[in-house]
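Participant: Take this structure, written in structure tokens, and hold onto it; I'll ask about it next.
The values are calculated or read from the model by the stated rules, or taken from the named source; none is laboratory data. This is a predicted model, so every value here is computed, not measured. Every residue, glycine among them, receives a Cβ derived from its backbone with ideal geometry; neighbour counts consider all protein chains shown.
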Amino acid sequence: MNDRSIASSAAGPTEPGVRAVDTLRPLHWLALGWRDFLATPLASGAHGLLVTLGGLAILALALRFLPLLPGAFSGFVLIGPILATGLYEISRRRGLGERPTLSHAIAAWRRGTRPLVWLGLLLLAAGTAWVLASSLLFGLFVHQRIDTPIAFVRYAVVEQGSLAFLMWVVLGGLGSALVFALTAVSPPLLLEREIALRSALLASARAVGDNPMAMAVWAAIIMVATALSIATALLGFIVAIPVIGHATWHAYRELIDADRVPLRH
């Protein structure tokens, strides 16, 4: 690209820099993610299958108590960046000219890093808090009986006897935007480089802040992929998760200049 530049003014001597990219560059990341998926269909597809099974399990449990459903599922989506750790490793090794397998992805999980573990716990806490907040909103503001998914959709879309649904959408949107900014590229950065969690989160936030249009396109792609996956009874996640995960690695490599940060061994 002829317009990539390193915004090093906001970074210290050992902090990663941030590059500027074209607005439609996320489409290229998506193409690279699809290429990685086709090159390693079994290892990549295994990640998507596990996420799909996990989502179905959460859905089955949440359907027993419908007020938990929106929060439980959106909370599950929040931890997606950590679930893709193995996918980042596969793309990383492909970039080095290797032929990665599922064992390499598993090794990345087993190897782990303390900051990456802390990020996973942070996202898990955020997801749990959102589940509780959703349940509290419904408990406080929804006073009619909602015992089927259709009844929930009817109330949320048609009736809205209170502002509960609107409040849920606003709070969910703000929370998702914050999580997206902090985790857009921080998990692959933590996987590859010896960097503190705080520095990785700030670098991710700078990457989003310095590329608002491109990252808005990237967020829209993720939301569309998620919506289509949900519309296919979660089966779409079998493909969407690995493709988005691989693409996230390529987004990180283009957005972040981490040459000044030591590699993680």
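Participant: For the stretch 9-16, indicate whether the set of residues that are in contact with a helix residue (DSSP H, G or I) (Cβ under 8 Å, 6 or more places away or on another chain), under 20 Å from Asn211 (Cα atoms), of a type in the set (D, E, K, R) and at pLDDT below 95 is non-empty. Even if it seems obvious, please write down each step before you answer.
Facilitator: If we filter the stretch 9-16 for residues that are in contact with a helix residue (DSSP H, G or I) (Cβ under 8 Å, 6 or more places away or on another chain), which is where we start, we get 10-11, 15-16.
When the remaining residues are screened for being under 20 Å from Asn211 (Cα atoms), the result is 10-11, 15-16.
Checking which are of a type in the set (D, E, K, R) leaves us with 15.
From what's left, at pLDDT below 95: 15.
Yes: the stretch 9-16 contains one or more residues that are in contact with a helix residue (DSSP H, G or I) (Cβ under 8 Å, 6 or more places away or on another chain), under 20 Å from Asn211 (Cα atoms), of a type in the set (D, E, K, R) and at pLDDT below 95.
Participant: Taking the conditions exactly as written (crowded, with 22+ Cβ neighbours inside 10 Å, touching a residue at least 12 places away in the same chain (Cβ under 8 Å), in contact with a helix residue (DSSP H, G or I) (Cβ under 6 Å, 6 or more places away or on another chain) and within 25 Å of Pro115 (Cα to Cα)), does Ala214 satisfy them or not? Steps first, please.
Facilitator: Numbers: crowded, with 22+ Cβ neighbours inside 10 Å: yes; touching a residue at least 12 places away in the same chain (Cβ under 8 Å): yes; in contact with a helix residue (DSSP H, G or I) (Cβ under 6 Å, 6 or more places away or on another chain): yes; within 25 Å of Pro115 (Cα to Cα): no.
When the stated conditions are applied, Ala214 does not pass them.
Participant: Any idea which residue in the stretch 211-239 is nearest to Leu49 (Cα to Cα), counting only those that are aliphatic (A, V, I, L, M) and part of a loop (DSSP other than H, G, I, E, B)?
Facilitator: The extreme case among them is Leu235.
Participant: Filter the stretch 85-94 down to residues that are closer than 12 Å to Gly33 by Cα and either outside any helix (DSSP H, G or I) or small (Gly, Ala, Ser) (or both), then give me how many there are. Reasoning before the result, please.
Facilitator: At the first step, the residues of the stretch 85-94 found to be closer than 12 Å to Gly33 by Cα are 87-88, 90-92, 94.
Those still in the list that are either outside any helix (DSSP H, G or I) or small (Gly, Ala, Ser) (or both) too: 91.
Count: 1.
Participant: Among the residues of the stretch 59-94, count how many are crowded, with 19+ Cβ neighbours inside 10 Å, more than 21 Å from Trp118 (Cα to Cα), at pLDDT 70 or above and of a type in the set (A, V, I, L, M, F, W, C).
Facilitator: The number of residues fulfilling the criteria is 1.
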